[in-house]
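Asks: Below is one structure. I have some questions about it.
The values are calculated or read from the model by the stated rules, or taken from the named source; none is laboratory data. All of these numbers come straight from a predicted model, not from anything done at the bench. As a convention, Cβ positions derive from the backbone with ideal geometry for all residues, glycine included, and neighbour counts pool all protein chains shown.
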Amino acid sequence: MTLGINDLIMNALPLPVLTVGAEQRVMHANAAAEAFFDMSLRVMQRQKLSDFIPFGSPVVALVEDVRQRGSSVSEHRVDIGSPRIGSERIVDVFATPLGDDSDGVVVMLQERTIADKMDRQLTHRGAARSITALGAMLAHEIKNPLSGIRGAAQLLEQSADEDDRLLTRLICDETDRIVKLVERMELFGEERPVERGPINVHGVLDHVKRLAQSGFARHIRFDENYDPSLPPVLGNRDQLIQVVLNLVKNAAEAIGIDAPDGEIVLSTAFRTGIRLQVPGARERVSLPIELSVSDNGPGIPPELLSDLFDPFVTTKVQGSGLGLALVAKIVGDHGGIVECEPVPRRTTFRILLPMHRANDGREADM
């Protein structure tokens with residue numbers, strides 16, 4: 001069947017668009033809508049909108065509202081999840097009259113996943129910037145007094161009895177622990193230019209995997225799901241290793257040492273259509289390189305998700321809460337975004353990064 005120009009335009013749109021007629025019958029749907037609902041246009045046309053939108057969904061009422069009022073209406077953060085398309089599919093819904101003499105209503109859906117990633121990423125970057133100054137202040141104002149306290153404790157230890165030596169040793173151990181914490185904070189104050197170039201993310205992932213399997217994750221099975229045709233990213237190898245190492249270490253600690261079926265999955269993929277407005281620049285940057293770290297641990301408490309990348313937020317008894325804050329800072333410095341996607345027994349940290357391009361603008365080869 002030959003498609004008309006209007007059909008070609010509709011199918012070129014990346015967002016799902018439906019035309020709903022009288023009695024909630026689907027008149028038309030573009031290719032994005034077919035993919036979103038996992039249903040062909042012919043199947044949709046044999047059904048009502050309420051047959052594949054969850055019972056009681058505000059989308060059905062919204063369409064009727066548009067039809068009655070004859071004007072556009074929008075609804076934000078609507079859950080239209082179902083067994084067919086998956087749970088928790090949060091969308092913004094935009095509906096408008098078709099504009100002819102029919103009762104048709106055009107409905108456009110915008111899934112919130114990417115939009116929320118962009119919003120939260122700006123928050124993550126703000127949190128990272130706020131602790132940059134804090135890191136510099138801590139290094140200057142705390143490390144010097146700590147060295148004096150430790151020195152005084154060592155002098156007291158020389159003339160103390162056995163019981164008092166336990167106390168002086170405790171002072172030394174605690175000052176050493178605080179110094180290590182401050183040194184980690186200093187990483188956030190690092191503002192020197194970092195050398196970046198074409199980096200093969202598979203080399204980064206393999207290096208981290210070897211480190212983990214020879215130490216803290218020797219009891220965990222690793223699986224790989226790589227896209228072998230992935231182009232290089234524009235980045236710094238050492239910093240990207242630090243990012244992935246933090247995520248893998250967190251995954252291993254979430255699984256625990258006693259889990260008999262612990263699994264970490266390292267994945268890469270090429271994603272088109274994801275662009276980010278970089279602060280201070282007018283153009284949007286494409287972020288097609290995706291790498292992710294998944295684990296089958298118990299998951300993350302829902303109350304921590306919104307603040308997960310903020311400093312000092314942690315579920316660990318002895319944790320400092322700086323690992324994910326550092327991840328957010330480094331990824332943000334690379335012009336990318338990082339997001340956590342938790343589901344029961346499968347927590348995934350996903351990073352999107354820009355690809356490396358040659359000086360003439362061409363994509364770099366592997």
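Asks: So which residues in the range 255-274 are surrounded by 12 or more Cβ atoms within 10 Å (Cβ to Cβ) and either β-branched (Val, Ile, Thr) or closer than 18 Å to Ser229 by Cβ (or both), if there are any at all?
Replies: Passing the criteria: Ile255, Ile257, Ile264, Val265, Leu266, Ser267, Thr268, Ala269, Phe270, Arg271, Ile274.
Asks: Please work out if Leu167 is assigned by TED's automatic domain parsing to the domain that holds Ala259, out of contact with any strand residue (DSSP E or B) (no Cβ under 6 Å at 6 or more places or on another chain) and at pLDDT 80 or above.
Replies: Numbers: assigned by TED's automatic domain parsing to the domain that holds Ala259: no; out of contact with any strand residue (DSSP E or B) (no Cβ under 6 Å at 6 or more places or on another chain): yes; at pLDDT 80 or above: yes.
Criteria not met by Leu167.
Asks: Moving on. Can you name every residue in the range 26-39 that is of a type outside the set (A, V, I, L, M, F, W, C) and surrounded by fewer than 17 Cβ atoms within 10 Å (Cβ to Cβ)?
Replies: Hit for the range 26-39 is Asp38, nothing else.
Asks: So which residues in the range 170-187 are within 30 Å of Lys329 (Cβ to Cβ) and either hydrophobic (A, V, I, L, M, F, W, C) or modelled with pLDDT under 80 (or both), if there are any at all?
Replies: Hits for the range 170-187 are Glu174, Arg177, Ile178, Val179, Lys180, Leu181, Val182, Glu183, Arg184, Met185, Glu186, Leu187.
Asks: Taking the range 10-26 on its own, how many of its residues are assigned to a strand (DSSP E or B) and under 14 Å from Met108 (Cα atoms)?
Replies: Count: 5.
Asks: May I ask you to list pairs of residues, at least six apart or on different chains, whose Cβ atoms are under 6 Å apart, with the first in the range 330-343 being within 11 Å of Gln239 (Cβ to Cβ) and the second being of a type in the set (S, T, N, Q)?
Replies: The qualifying pairs are Ile330/Gln239.
Asks: Is at least one residue of the range 108-127 over 25 Å from Thr348 (Cβ atoms), crowded, with 17+ Cβ neighbours inside 10 Å and either modelled with pLDDT of 80 or more or of a type in the set (A, V, I, L, M) (or both)?
Replies: Going residue by residue through the range 108-127, those that are over 25 Å from Thr348 (Cβ atoms) are 108.
If we keep only those that are crowded, with 17+ Cβ neighbours inside 10 Å as well, we get 108.
Now narrow it down to the ones that are either modelled with pLDDT of 80 or more or of a type in the set (A, V, I, L, M) (or both): 108.
Yes, the range 108-127 has at least one match.
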